[in-house]
Structure formats: C-alpha cells, structure tokens
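**Student:** Below you'll find the structure I mean.
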Amino acid sequence: MRLRKGLLSAIRKAATILPRDVVTALKEAIQKEDSKLARGQLATILENIKIAQTDSIPLCQDTGIQTFFVQAGVRSPYLGLLKPVITQAVAEATATVPLRPNTVHPFTNKNSGDNLGQGMPVIDCELTESDKIIITLLPKGGGSENCCALKMLTPSAGISGIKQAIVDHVIACKGAPCPPTIVGVGIGGGADVAMKLAKRAILRKIKICHPEPTVAKLEEELLKLINKSGVGPMGLGGNTTSLAVHIEYAFRHPASLPLGIVLQCWANRRAQIQINKDGSIKVG
C-alpha cells in the first residue's frame with residue numbers, strides 16, 4: 001500500500017511540478033534573450049509552470065508515456081512487487097491526476113484508456129549492489145519523442161562527425177520538439193544501447209556536467225553550437241534552442257559508431273522515489 005501511494009505521489013509530482021534546475025535554466029534563459037518574441041515565449045512557459053504547480057494540474061496536455069528507470073538493489077525485499085505495483089499506480093494516476101490516456105495498439109489504434117498495454121508502462125531496470133530501490137520517472141511526450149533519432153555513423157566520422165550530425169538534427173527538427181530542449185546523446189554500444197544511453201542522459205540535472213572532462217567539454221561545445229542556430233524557443237527564433245546537452249557513452253565495435261539523439265521538450269518532467277529495505281519511502 002505504501003509503495004503504491006508513493007509511486008502515485010511521484011507520478012503526480014512529475015506531471016505537475018517541473019524540477020527546480022529546469023525552472024532556473026528557463027529563468028536564466030529569458031535574461032539572455034535578445035529577441036522580444038523569444039522572451040515572450042519563455043515568459044508564457046514560466047507562467048504555465050507556475051499555474052500547473054499552484055493548481056496541481058499537468059504541465060502539458062500531453063502527459064507522455066510513463067517511463068520508469070529503476071536502479072534495483074539486489075538485496076531489496078521488494079523487487080518482486082515492482083512491476084505489478086508500478087502498473088497499478090499508473091492506472092490509478094491516469095484517473096486521478098489525471099493523465100491523458102496515451103497508449104494505443106500499434107495496429108488497431110485502440111486506446112487502452114489507462115496508459116497500460118503491451119510493453120506499457122516502460123520499465124528499464126538496472127541491478128545494483130544495494131538494499132534500496134531508486135525509481136526515476138520520466139513522462140515523455142510524443143512531440144519530442146518524434147524528434148529522436150539513431151545515426152549509425154562510420155568510425156571515420158569521429159568527433160567532428162558526431163557534432164555535425166547532432167547539430168544538423170536539432171536544426172532540422174525546428175520547433176517540433178517544443179524547444180528549448182534538453183538534448184540527450186548516447187555514443188557507442190550498439191543501436192539499442194546508444195538510444196537507451198541517450199534517454200538516460202536526459203535524466204541528469206541541468207548544469208551537472210559529465211564527470212569526464214573531455215565529454216563535459218563536448219557537451220559545452222554542442223550546446224553553444226545548437227544555440228547559435230537561431231531556432232529559439234518554440235522554433236520562433238532566439239538564443240535559446242536548448243538548455244543543456246548531456247552525453248553518455250559505452251565502448252563500441254571497431255566497425256561501427258552508433259549515435260543516439262533523444263530530444264526532450266522544455267517540460268523536462270521527472271521525479272524520483274526511493275524504497276528502503278525497511279519499507280520506508282522517500283519521494284524526491
């Protein structure tokens with residue numbers, strides 16, 4: 001019961017309250033904008049955020065696909081409960097937050113009505129040497145998800161080719177992902193690994209750089225290049241096309257260079273819940 005209630009609380013928080021680091025980045029962006037139109041767009045976004053939190057209503061009508069990144073401690077006694085309780089919490093949240101029913105059958109287009117269905121909700125699980133379970137929620141909207149891409153580059157493309165592919169892709173998307181975006185980048189592994197790394201990358205807080213200086217420098221370079229594109233907030237021009245670029249990587253096969261690009265809209269919604277061994281729960 002406590003676990004279900006904790007998950008329900010986290011889902012509601014993710015849908016209605018934008019994390020502080022994102023709000024701060026948006027407020028800083030409005031101060032740097034030269035374009036009156038861009039400042040107006042950012043001001044409207046910030047007003048939207050305020051209303052959603054005050055009235056406890058979703059930040060966006062597209063409440064996304066409910067995605068759960070689980071760091072599962074192998075010594076936790078609650079591992080077996082996770083999938084059924086997460087599923088139950090999503091169905092309940094759909095009715096009570098409320099969340100828009102966003103899961104449809106890929107062949108018949110029939111809507112399940114409760115954000116459940118084959119493969120839904122998405123649960124990405126990583127085992128850890130711990131007795132705790134940490135679940136990070138990511139409600140991912142359709143507009144930004146449509147702008148995700150996998151690029152299978154040749155190894156000879158190198159870092160310059162990676163940079164060119166990312167910047168070109170963000171510019172080509174224009175206003176479709178509802179910028180300013182957070183750009184998640186996954187490099188290496190295989191095709192599936194690169195995309196998973198890119199999606200995990202957007203979970204990192206804004207201004208938290210990659211711990212390796214070389215990667216952190218590449219993140220900074222990419223952000224500057226993207227913001228020089230002039231796409232701007234909602235694609236209407238300006239200095240702020242993206243708020244952050246976050247990179248994660250894995251070793252790769254010598255013959256391939258997979259590049260995953262995941263764009264997240266300005267509503268970079270997320271929340272976290274920690275389940276301790278004694279059953280106590282912390283929603284953050």
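We did not get these values from a lab; they are worked out from the coordinates using the rules stated. Just so it is clear, the model here is predicted, and its values are computed rather than measured. Here the Cβ positions follow ideal geometry from the backbone for every residue, glycine too, while neighbour counts run over all protein chains shown.
**Student:** For the pairs Lys27/Lys196; Lys27/Lys50; Lys140/Lys217; Lys174/Lys205, note any where the Cα-Cα span goes beyond 18 Å.
**Tutor:** Lys27/Lys196; Lys140/Lys217; Lys174/Lys205
**Student:** For Met234, Met1, which order do you get if you count the other beta carbons within 10 Å of each Cβ and list the fewest first?
**Tutor:** Exposure proxy ranking, most exposed first: Met1, Met234.
**Student:** Output the relative contact order of the range 143-264, whole-number percent, from Cα pairs under 8 angstrom with separation of 6+ residues.
**Tutor:** 45
**Student:** With a sphere of radius 13 Å drawn around the Cβ of Val170, what net charge do the other residues whose Cβ falls strictly inside it have (Lys, Arg +1; Asp, Glu -1)?
**Tutor:** Residues close to Val170 contribute a combined charge of +4.
**Student:** What residue among Thr181, Thr94, Thr241 has the largest mean-square fluctuation in a Gaussian network model of the chain, using Cα springs under 10 Å?
**Tutor:** In the Gaussian network model the winner is Thr94.
**Student:** First measure r as the distance between the Cβ atoms of Ser9 and Asn111, then evaluate 1/(1 + (r/R0)^6) with R0 = 25 Å and state the FRET efficiency to the nearest 0.05.
**Tutor:** Calculated transfer efficiency: 0.45.
**Student:** Cβ under 10 Å from Thr16's Cβ, Thr16 left aside: what net charge do those residues give with Lys, Arg +1 and Asp, Glu -1?
**Tutor:** Local net charge: +2.
**Student:** Then there is this: Using Cβ contacts closer than 10 Å as the measure, can you line up Thr154, Thr108, Thr240 from fewest to most?
**Tutor:** Thr108, Thr154, Thr240
**Student:** By average Cβ neighbour count within 10 Å, what is the ranking of 42-49, 124-131 from highest down?
**Tutor:** 42-49, 124-131
**Student:** If amide H atoms are built 1.01 Å from N in the plane of the peptide, which residues on other chains or at least 5 residues away come under 5 Å of the amide H of Gln272?
**Tutor:** Leu137, Gly284
**Student:** Mind sorting out which of [x] 50, 48, 41; [y] 58, 42, 34; [z] 63, 47, 40 is the real Cα extents along the principal axes in Å computed from the coordinates?
**Tutor:** Step by step, Cα extents along the principal axes in Å for this structure corresponds to label [x].
**Student:** Which whole-number percent is the relative contact order of the range 125-195 (Cα, under 8 Å, 6+ apart)?
**Tutor:** Contact order relative to length: 35 percent.
**Student:** Turning to a different aspect of this structure: Using Cα pairs closer than 8 Å and at least 6 residues apart in sequence, work out the relative contact order for the chain, in percent.
**Tutor:** 27
**Student:** By how many nm would the segment from Ile159 to Glu212 grow when fully extended, if each residue of separation counts as 0.36 nm and the alpha-carbon distance is taken off?
**Tutor:** Taking Ile159 through Glu212 to full extension adds about 17.5 nm, to one decimal.
**Student:** Provide the gained length on full extension for the span Lys27 to Asn276, in nm with one decimal, where the gain is 0.36 nm per separating residue minus the Cα-Cα distance.
**Tutor:** Once the chain is fully extended between Lys27 and Asn276, it gains 86.1 nm.
**Student:** In nm, what is the difference between 0.36 nm times the number of residues separating Ser229 and Gln118 and their Cα-Cα distance?
**Tutor:** Contour length minus Cα-Cα distance gives 36.0 nm.
**Student:** Pairing rule first: another cysteine's C-beta must sit under 4.7 Å. Under that rule, which cysteines of the chain stay single?
**Tutor:** For the chain, the answer is Cys60, Cys125, Cys148, Cys209, because their Cβ atoms have no other cysteine Cβ under 4.7 Å.
**Student:** Now a separate question. Please report the spacing between the Cα centers of the range 236-255 and the range 69-131 in Å, no decimals.
**Tutor:** Taking the Cα centre of the range 69-131 as reference, the centre of the range 236-255 is 27 Å away.
**Student:** Using a simple charge model, +1 on the beta-carbon of Lys and Arg, -1 on the beta-carbon of Asp and Glu, nothing else, what dipole does the range 97-163 show about its Cα centre, in debye to the nearest 20?
**Tutor:** So the dipole magnitude of the range 97-163 works out to roughly 380 debye.
**Student:** About its Cα centre, how strong a charge dipole does the chain have in debye, to the nearest 20, once Lys and Arg get +1 and Asp and Glu get -1 at the Cβ?
**Tutor:** Charge dipole of the chain: 380 debye, to the nearest 20.
**Student:** For a label point 7 Å from the Cα of Leu127 along Cα→C-beta, name the residues of the range 68-89 whose backbone N is under 18 Å from it.
**Tutor:** Label zone hits: 70-83.
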